[in-house]
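The values are calculated or read from the model by the stated rules, or taken from the named source; none is laboratory data. Here the structure is a predicted model, which is why all the values come from computation and not from measurement. Every residue, glycine as well, gets a Cβ built from its backbone with ideal geometry; the counts of neighbours run over all protein chains shown.
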Amino acid sequence: MMRHIPLVFTVVFSLGIVSQYGTVRSEDKTTQTTLSFGFPKFVLPELNEQDARAAIRIWTHDAIEYYHYDYRSSVHIFPDLNSLVQAMNAGHINLVVLPVIDYIELSKTITLFPGMCAKIHESVLDRFVLIVRKDSRYTGLKDLANKTLLVKQESTRSVQEIWREVLLHEAGLPGSDQFFGQIVKKERESQLIFPLLLKQADCCIMTEGAFLTMSELNPQLNAQLTPLLTSDPYLASAIFCYTERLDEEARRDVTAFAINWEENKGRDQLQTIFRFNTLVPFEENYLESVMSLLSRYKRFQKETP
């Protein structure tokens, strides 16, 4: 069973694509296109950059042999979203990976073409679960007042954070900062479980896919932990986007190559290091549940003095 790392899935393919993609399909055409790929550092908090680049070089070599393209490419890792946006506005980046909420907000002011997202297990959607220990005897959200919550460190506003705030508001409770005694953020979802088991925290929020995967690897988790609340299904992966500086033919070719990447022998090395599943073409209906959640969130934000 592959470990559940939704944000990494899309980035892995994107990095590989940037390094391999040639200008056109025809080998006779000599015009070069520079593919400049960028992503914010927080998209890959778990990944060693040197390992990533080594794996990408292997995959790139196979792709170049297959396509015989002349190309130029660059990969840029930005410390935060603002610096990435500045580079996009300056025209320095034409391929980018964005978390869902950041994509929705940025697409209001920047022309973006969503290309792909990652399938998690059998679906592109996943749920969030609020996990507690079975021996805690918590029966509802109100029981968690002044308790310690563990969550994964994400971007400024994530789907998980918005779901959490909507959950509290619709239960008639104060926001997270006032309701919980402490919110501890970890780089990896795998770091959320064991402090809970050791009673160093009272609850955690993680994706259902991650919890199921860890439970399969360690059956004792199901004996000791249980979901107290479960969200609706939301798009779990980041979205791989193109900017308007990359023409339609290039966008189409990169997407086609990425979703058919299984045909490339370099896949195995990337799969081992990044532990991904597969990519699928983006569809607008993948965002429907997130957009509905955002509407609920913005509605009560307007009501808050």
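Could you grab me the full set of residues in the range 226-241 that are surrounded by 23 or more Cβ atoms within 10 Å (Cβ to Cβ) and either in a loop (DSSP other than H, G, I, E, B) or touching a Lys or Arg at 6+ places or on another chain (Cβ under 8 Å) (or both)? Tyr234, Ala236, Ser237, Ala238, listed by residue number.
Sort through Ser176, Ser237 and tell me the only one that's touching a residue at least 24 places away in the same chain (Cβ under 8 Å) and in contact with a Cys (Cβ under 9 Å, 6 or more places away or on another chain).
Matching residue, one of Ser176, Ser237: Ser237.
Yes or no: the range 208-219 includes at least one residue that is farther than 21 Å from Pro233 by Cβ and free of Cβ contacts under 8 Å to residues at least 60 places away in the same chain. Among the residues of the range 208-219, at least one is farther than 21 Å from Pro233 by Cβ and free of Cβ contacts under 8 Å to residues at least 60 places away in the same chain, which makes the answer yes. Residue pairs whose Cβ atoms lie under 8 Å apart, separated by 6 or more positions or on different chains, with the first residue in the range 280-302 and farther than 30 Å from Arg252 by Cα and the second of a type in the set (Phe, Trp, Tyr) and not in a strand (DSSP E or B), are Leu293/Trp163. I want to confirm something. Restricting to the range 108-157 and keeping residues that are of a type in the set (Lys, Arg) and within 30 Å of Val280 (Cα to Cα), which single residue is surrounded by the fewest Cβ atoms within 10 Å (Cβ to Cβ)? That would be Lys108. Exactly one residue out of Ala223, Ala201, Ala210 is over 30 Å from Leu106 (Cα atoms), part of a helix (DSSP H, G or I) and not assigned by TED's automatic domain parsing to the domain that holds Met116, and it is Ala223. Evaluation of Glu249 against the conditions (1) closer than 30 Å to Gly91 by Cα; (2) in a loop (DSSP other than H, G, I, E, B); (3) out of contact with any strand residue (DSSP E or B) (no Cβ under 6 Å at 6 or more places or on another chain) shows that the sole unmet condition is (2).
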